[in-house]
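See structure below.
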Amino acid sequence: MMSHSENFLRNRARARGMTLMEVVVAIGVAAFAVPLILAAVSSAGFSRRNAEADTRSVWIARQVQQEVLAAWAEPPRKSVISTSFPYPEGAARPPAKVLFYDRDGTFLAEGAPADLGSTITTPKAVYLVRIAAEKHVPPNFAASPTSSGLALLSLEVLYPASASPDKRSRYSFRVITTRHGSL
């Protein structure tokens, strides 16, 4: 015959365990909650990356605008744009330029317009910038024949450069400027 203390210890050991029903309910709750938590964490990370790309794109666009104005200055000032990117005069448009920037917004290299339609393999390239310019004459602007007029500078920042062209985020900026700076 068991003593009262042995019986108490045996009952207490049984009480510590979980029944099968409790285990099934706990697994069901975890199976429901874990995907929701992971989705929320993933969404927060995606939103942070997009916000960072938005902010960095504006900064890069402003930096590229300064580089274009340096290339257009008379005489040209030092610029990361090493190949010719002439100020748009007359009907001819200068060919578009493509620049690569890293994750921190530091200039890496010049690219080619063909890079816009392909996946970029340039190491560290995260942002792709397309620069185009055309002569701009507002309807109410009376330019003299000797003035160089205005230019419409179009900048497009694409992110991420390593993605296929249809999966890149596009940030477009347009600035009306003179050879020496914005209006």
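Here, each number is a calculation from the coordinates, and none is a lab measurement. These numbers were taken from a predicted model, which means no experiment stands behind them. Every residue, glycine among them, receives a Cβ derived from its backbone with ideal geometry; neighbour counts consider all protein chains shown.
Some values worked out for this structure:
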item: Sparse-neighbour loop sites [GluC sites (Glu not before Pro); segment 31-126; at most 14 other C-beta within 10 Å; DSSP]; result: Glu89
item: Mean Cβ count within 10 Å, highest first, over the residues of peptides 25-37, 164-176, 125-137; result: 125-137, 164-176, 25-37
item: Student exercise, segment 30-125 dipole from Lys, Arg, Asp, Glu Cβ charges, in Debye to nearest 20; result: 160 debye
item: Hits among lysines - C-alpha to C-alpha of Lys167 under 22 Å, sequence gap 8 or more where chains match; result: Lys97, Lys124
item: Relative packing of peptides 96-103, 75-82 - highest average C-beta neighbours within 10 Å first; result: 96-103, 75-82
item: Net lengthening on full extension, Gln66/Val137 (0.36 nm per residue, minus Cα-Cα); result: 23.4 nm
item: Simple Cβ-charge dipole of segment 65-177, Lys/Arg +1 and Asp/Glu -1, about Cα centre, in debye nearest 20; result: 160 debye
item: Dimensions in Å of segment 51-93 - Rg and Dmax from alpha carbons; result: 12.9, 39
item: Karplus-derived 3J(HN,Hα), 6.51/-1.76/1.60, for each residue of segment 60-72, Hz, glycine and proline x; result: 5, 4, 5, 5, 5, 4, 5, 5, 5, 5, 5, 5, 7
item: Cα-centre dipole for segment 85-125 with unit charges at Cβ (Lys and Arg positive, Asp and Glu negative), debye to 20; result: 60 debye
item: Estimated inter-spin distance, Asp102 and Ala39, nm [label 7 Å along Cα→Cβ]; result: 3.8 nm
